[in-house]
Amino acid sequence: MDFTPSPKTQALVPRLRRFMEEHILPVEARYWSEVRAANPDGNWRAWTIHPLVEELKAKARAEGLWNLFLPDAELGAGLTTLEYAPLAEETGRSFLAPEVFNCNAPDTGNMEVLFRYGSEEQKKRWLAPLLAGEIRSVFCMTEPDVASSDATNMQATAVLDGDDVVLNGKKWWSSGIGDPRAKVAIFMGRTPDDQKGRHHQHSMVLVPLDAKGVAIQRMLPVYGSFDAPHGHGEVHFIEVRVPRANVVAGLGMGFEIAQGRLGPGRIHHCMRCIGAAERSLELMVDRGMARTAFGKPILNLGGNRERLADARIAIDQARLLTLYAAWKLDQVGALAAMTEISAIKVVAPNVLQRVVDDAMQIHGGAGVSDDTPLAGFFAQARSLRLADGPDEVHKGLIARIELAKRGHGHVRGES
């Protein structure tokens, strides 16, 4: 295996980095300050989009830095997962950058679903405006009333009734539901069928957010922040009727689609974690050498140099593991790369959390404020240890695969 960036990646990385240095990083602090001021947390229905983000999106698209995640050469950059990984790392240094390049979650995952599994009608109605950055989308899978770490616990339903599919249930942590540009959700629910196994009784359905019966209840704060104007919401689906043509791929295909969606998405998340960790490390060094206490730079006090070295080692290890997972995903597909994908999903957010925590300690009070991106990076890391499956589920999967290699397909007492 060879992780040397391809010629396409080598050409794109400096262009992406230059764009960020010239257009994004200099304005990001002001941008978020103005976003917070214009979008009070308690009134999400009045959230608005800062004009700067649309201006930056237009510039990025004009420079060809657009839809870099999509492997199709006509609709995207035509990059493999491994080729895209270093670009995802660069965008992870900024909370604004992924959206500017139209490479932000959950839109990327939803676009991949539509690209890989959508009908021509679904692509025309929803994929085209998403690829153009004209609308935003939501993914509704997690539920408030069950342990969502086991997706088969899902209570929400998607039931065929004539030419319609009827949706009922509660979803939460539906990221992006507060964005005024959000127009469509991919809803995952149970489609009971006694003739099929438990992993073939779920469906994904496209739901316009203005459909009758879609009721957004509230936004959910993360460490006290509502992440305006994006938001993570609780939304109820009450006898929502949509045409059967809105079903993605077919009834009962939900879990198969989910695996195809989450594989590349986890690579993207983990590489963005690496980028955030790199920026946190840089901030740690700059702050630690610029501030003195007891006659020495802070970085030379206590065990801070050792923490710095540990951070460098951990970041490089996490990057190599993630690149390996990306390479294997490209070579053999998501199902055959489940160990590697689960491993990075555990490793990368935990590495980011540790590195950010040390950087915050070096910064003192500034580290937990909005004066630096560190508090946001910490919230990102801690949230990602739950999103797309908690650490424990991924470790359990890795353990099952290892046991199966030695002929232990089922372990007594295993749930």
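None of the figures in this text is laboratory data; all of them are computed from the coordinates on show. These numbers come from a predicted model, not from an experiment. Note that each Cβ is placed from the backbone with ideal geometry, even for glycine, and that neighbours are counted across all protein chains shown.
³J(HN,Hα) across the range 182-188 via Karplus (A = 6.51, B = -1.76, C = 1.60, θ = phi - 60°), whole Hz, x for Gly/Pro?
After applying 6.51 cos²θ - 1.76 cosθ + 1.60, I find 5, 10, 9, 10, 9, 9, 10 Hz.
Answer with one residue from GLY231, ILE216, THR142: the one whose Cα lies farthest towards the positive end of the charge dipole of the range 136-250, charges on Cβ with Lys, Arg +1 and Asp, Glu -1.
GLY231
Counting other beta carbons within 10 Å of each Cβ, put GLU392, GLU143 in order, fewest first.
The order, fewest Cβ neighbours first, is GLU392, GLU143.
Over every pair of different alpha-carbon atoms in the range 340-399, take the mean of 1/r and invert it; report that Kirkwood radius in Å.
12.1
Have a look at GLY197, GLY254, GLY189 and tell me which one the Gaussian network model of the chain (Cα, springs below 10 Å) gives the largest fluctuation.
The residue with the greatest mean-square fluctuation here is GLY197.
Roughly how tilted is helix 254-290, in degrees to the nearest 10 and between 0 and 90, from the longest Cα axis of the chain?
Long axis of 254-290 versus the principal axis of the chain: about 10 degrees.
Quick one: which residues, 5+ away or cross-chain, put their amide H under 5 Å from the amide H of ASP164? H built at 1.01 Å from N.
So ASP164 has HN proximity to ARG244.
Give the cross-link partners of LYS345 among the lysines, using a straight C-alpha distance below 16 Å as the criterion and excluding same-chain residues fewer than 8 apart.
Result set, ordered by chain and number: LYS328, LYS395.
Let's see if you can work this out: charge +1 on each Lys and Arg Cβ, -1 on each Asp and Glu Cβ, no other charges. What is the dipole magnitude of the chain about its Cα centre, in debye to the nearest 20? Provide the component values of the computation, followed by the final result.
Details: 48 positive and 51 negative charges, 93 e Å.
For the chain, the charge dipole is close to 440 debye.
Taking θ = phi - 60°, what integer Hz values does the Karplus form 6.51 cos²θ - 1.76 cosθ + 1.60 yield along the range 332-342, in sequence order, with x for Gly and Pro?
These are the phi-based 3J(HN,Hα) values: 10, x, 5, 5, 7, 10, 5, 4, 5, 5, 5 Hz.
About the Cα centre of the range 136-250, what is the dipole size in debye to 20, counting +1 per Lys and Arg Cβ and -1 per Asp and Glu Cβ, all else neutral?
The dipole of the range 136-250 has a size of about 220 debye.
Of LEU167, HIS363, GLY250, which is farthest on the positive side of the dipole of the chain, counting Cα position, with +1 on Lys and Arg Cβ, -1 on Asp and Glu Cβ, and the Cα centre as origin?
HIS363
Please list, in order along the range 94-106, the HN-Hα scalar couplings obtained from phi with the Karplus expression 6.51 cos²θ - 1.76 cosθ + 1.60 (θ = phi - 60°), rounded to whole Hz, x for Gly and Pro.
Calculated HN-Hα couplings, in order: 9, 6, 8, 4, x, 5, 4, 9, 6, 10, 9, 7, x Hz.
Counting only pairs 8 or more residues apart or on different chains, how many lysine pairs in the range 136-250 have their Cα atoms under 21 Å apart? All intermediate terms of the calculation are to be shown ahead of the outcome.
Details: LYS170/LYS183; LYS170/LYS212; LYS171/LYS183; LYS171/LYS212; LYS183/LYS212.
Summing the qualifying lysine pairs gives 5.
Return a whole-number percent for the relative contact order of the range 7-131, with Cα pairs under 8 Å and 6 or more residues apart as the contact set.
Working: 102 pairs, mean separation 30.6, N = 125.
Computed value for the range 7-131: 24 percent relative contact order.
Using a/c under 1.5 as the rounded threshold, could you call the range 136-250 rounded, prolate or oblate? The axes a ≥ b ≥ c are square roots of the C-alpha gyration tensor eigenvalues, and prolate needs a/b larger than b/c, oblate otherwise.
Working: a/c = 2.32, a/b = 1.45, b/c = 1.59.
Taking the square roots of the gyration eigenvalues as a ≥ b ≥ c, the range 136-250 is oblate.
What do you get for Rg/Rh of the range 328-370 when both radii come from the Cα atoms and Rh is the Kirkwood radius? It would help to have the intermediate numbers written out before the result.
Details: Rg = 16.2 Å, Rh = 12.4 Å.
On the Cα set of the range 328-370, Rg over Rh gives 1.31.
Among LYS395, LYS123, LYS196, which one shows the biggest mean-square fluctuation in a GNM of the chain, springs joining Cα atoms closer than 10 Å?
Its mean-square fluctuation being the largest, the pick is LYS196.
Just how large is the dipole of the range 7-131 about the Cα centre, in debye to the nearest 20, putting +1 at every Lys and Arg Cβ and -1 at every Asp and Glu Cβ?
Dipole size: approximately 100 debye.
In units of 2.2 N^0.38 Å, what is the alpha-carbon radius of gyration of the range 307-415?
My calculation over the Cα atoms of the range 307-415 gives 1.29.
Would you mind checking the radius of gyration and Dmax of the chain based on alpha-carbon positions, in Å?
Gyration radius and largest Cα-Cα distance of the chain: 21.6, 78 Å.
Residues with amide H under 5 Å of ARG291's amide H, sequence separation 5 or more or different chain, H placed in the peptide plane at 1.01 Å from N; which?
ILE298
For ALA185, which sequence-distant residues (separation of 5 or more, or a different chain) have an amide H within less than 5 Å of its own amide H, given hydrogens modelled in the peptide plane?
For ALA185, whose amide H was placed from the backbone, the distant partners under 5 Å are VAL138, VAL207, LEU209.
Specify the inter-centroid distance of the range 97-121 and the range 234-252, based on alpha-carbon positions, in whole Å.
Taking the Cα centre of each part, the range 97-121 and the range 234-252 sit 19 Å apart.
Test of understanding: in a Gaussian network model of the chain with alpha carbons linked when under 10 Å, which of LEU335, LEU384, LEU65 would top the mean-square fluctuation ranking?
Among LEU335, LEU384, LEU65, the largest GNM mean-square fluctuation belongs to LEU335.
Give the residue from ALA293, PRO129, LEU397 lying farthest towards the positive end of the charge dipole for the chain; charges sit on Cβ (+1 for Lys and Arg, -1 for Asp and Glu) and the dipole is referred to the Cα centre.
Farthest towards the positive pole: ALA293.
Working from Cα positions, state the angle (0 to 90°, nearest 10) between the long axis of helix 51-62 and the longest principal axis of the chain.
Computed tilt is about 90 degrees.
Between the alpha-carbon centers of the range 365-404 and the range 1-25, tell me the distance in whole angstrom.
26
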